[in-house]
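Okay, structure first, notes after.
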Amino acid sequence: MLFFSRKVSRREFLGGALGAGALAAFGCSPAAPSQPAAPQPPTGRPSYGGTLVFVLENDVIDFDPMRSRAFVDRNVHYQIYDSLVRIDPKGNIIPWLAERWEVSPDGKTVTFYLRQDVKFHDGTSFDASVVKWNIERYINTEGSARRGELAPVDSVEVVNTYTVRFNLKTPFSPLLAQLVDRAGMMVSPKAVEAAGPDFTRKAFKAGTGPFILTEAVKDDHITLERNPEWWGKDQLGNRLPYVDKIIVRPITNSDVRLANLRTGEAQVANNIAGKDVASVKSDPTLSYQEIPGLAFASLIPNRRPGFVFNEPRYIKAVAMAIDRREILDKVFFGVGTVGYGAIAPPHFAYDPNFKPFERPDPEGAKRLIAEVGKGQLQFEFLVSSGDPQTLQLAQLIQAQLAKADIKAEIVQMEFAQILQLQDRKEFKGMTLIGWSGRIDPDGNVYDHVYTGRPFNDSSYSNPEVDRLLDEQRMTNDQARRRELLRRAEQIYAVDDPARVWYRFGVAMLVTNRRVKGLEPYPDQIVRFQYAWLEK
């Protein structure tokens, strides 16, 4: 685990990300420099060297954190880029490129004090002017997927070389949670400007992170090499990372990914089929770890005028017709949790008693469709190609909907192609695309259901939901935030559904027994800087 040599007061962490809710950016007085909870000592003595092969369910679509929309991208981003803050395995915010931060009493100004020993892979220095450049790029660039996440940021001000101030339009409780991920990742201005439009696939020497992107062959492999100058150290003062190289291989078929692990051709995966979990747990060559995850799974309708699901009663009919427990048991073999909305079990605002569609009601779904008066509900059902579990899931949902006389026509398509159609709002019916989850519930909700936001792929718009979500962002009172988030979920998941949620995932990690130092994080992203190979 990364070691921080200086300490901060508890107040500076602005609350815990999951249990303590949302990292509220309010009322914290200036604090001294800091450190997270002391890491547990590693089992055995870490050794340097070696190569790890990581099998990922799809190829990286975009190496640029500004444009990225996919979970697979983040698995590589976290290795090559550092962000201003990060989380520990419990989901608590910890210092990263920002060693500490202060928040004004009114919650509208957050000042970050930066590390002074950081360089980009291209040799350029990291400082406050680079933070300003990155945040302004995320906010101001047309087509940026980070615009919604950083919308409350009014301006970024360079105080001095290693101090930067965020001036907010309104108090923004999830700010630090946003800066954990791509909205807080720092890229080299020199690398971006040199690559131009090619930066999306050629982000070479662009980060400050523990590994350097040196090769990216589409649909074949990605090579990440150890950054010998990375600033991170372990608790004994040894420089991280330990391994020399990470090879990322995109393999869409979950059976093939597992076969690679079992033969030793790969050593790490964070996504295997539920049907294989029991056998992996009993495999003496493999190690399986799992914790509750932040990810949700949903059916995304296109509610734009002129499309089938512009009629909200159709969406509710689908929500009533599917059998979530059967899906969990038959497709995922009980791995995960039945879900009815966007707020996941680890979130402070989760309500385990929220079960609006606990039992399937195909007859009720038929009555809703009859009310619309346009005959049978039929739609195109877009699902990612290449994985047998995904196809099995789509076919089960198709069969469940048929009991309500709903006809879903399965169309298999490349994952990246479906994302593109969602982004353009050009898909005809529903898609079967998940969300990897964020540490604050706002990150699972706001941009997905708020009018006009970047990840609002269903084109949903409800003024009352918008009002409730805006209000919860402007308070650090966890009880009040929970109340507002719960009221919003009742509307966007039940009364006027934005989409059809059916499952929450787990954060899993499967490794060869020789791989040490890794543990699952609630966001399911592997932190390879801590990995080492037992000799």
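Read the figures in this text as sums done on the coordinates, not as results from a lab. None of these values were measured; they are calculated from a predicted model. As a convention, Cβ positions derive from the backbone with ideal geometry for all residues, glycine included, and neighbour counts pool all protein chains shown.
Residues of segment 520-535 with an amide N closer than 11 Å to a point placed 7 Å from the Cα of SER47 along the Cα-to-Cβ direction: 533-535.
Counted over the chain, the DSSP beta bridges are approximately 75% antiparallel. Computed extension gain for ASN160 through GLN376, at 0.36 nm per residue and net of the alpha carbon distance, reaches 71.3 nm.
As a length-normalised measure over Cα pairs under 8 Å and 6 or more apart, the relative contact order of segment 293-506 settles at 36 percent. Exposure proxy for LYS119, LYS275, LYS316: other Cβ atoms within 10 Å of each Cβ, ordered fewest to most, give LYS119, LYS275, LYS316. Entry note, the chain: the mean residue ellipticity at 222 nm calculated from DSSP H runs of n ≥ 4, each adding -39500 (n - 2.57), is -7500 deg cm²/dmol after division by the residues and rounding to the nearest 500. Skipping prolines and chain starts, which residues have an amide H placed within reach, meaning under 5 Å, of the one on ASP64, given they are 5 or more residues away or on another chain? When sequence neighbours closer than 5 places are left aside, there are no close amide H contacts. Sorted largest first, the spans of the alpha carbon positions of segment 400-535 along the three principal axes are 58, 45, 30 Å.
The slack in the chain from SER279 to ILE247, taken as 0.36 nm per residue of separation less the alpha-carbon distance, amounts to 9.0 nm. Could you tell me the calculated FRET efficiency between ARG480 and THR263, based on Cβ-Cβ distance and R0 = 45 angstrom, to the nearest 0.05? My answer for the efficiency is 0.25.
List the pairs from LYS330/LYS403; LYS275/LYS425; LYS275/LYS428; LYS90/LYS119; LYS218/LYS245 whose alpha-carbon separation is above 22 Å, in the order I gave them.
Going by Cα-Cα distance, LYS275/LYS425; LYS275/LYS428; LYS90/LYS119 fall outside the 22 Å limit.
What net charge is computed for the residues neighbouring HIS77, neighbours being all others with C-beta under 11 Å from the C-beta of HIS77, Lys and Arg scored +1, Asp and Glu -1? Neighbourhood net charge equals -3. With a cut-off of 10 Å between beta carbons, the residues surrounding ALA273 carry a summed charge of -1, where Lys and Arg count +1 and Asp and Glu -1.
Extents of segment 293-506, taken as max minus min of Cα coordinates on every principal axis and listed largest first, are 45, 37, 34 Å. Once the Cα-Cα distance is subtracted from the 0.36 nm per residue extended length, the THR170 to LYS202 segment shows a gain of 7.9 nm. Compute the signed sum of charges (Lys and Arg +1, Asp and Glu -1) over the other residues within less than 12 Å, Cβ to Cβ, of THR208. Overall, the nearby charge balance is -2.
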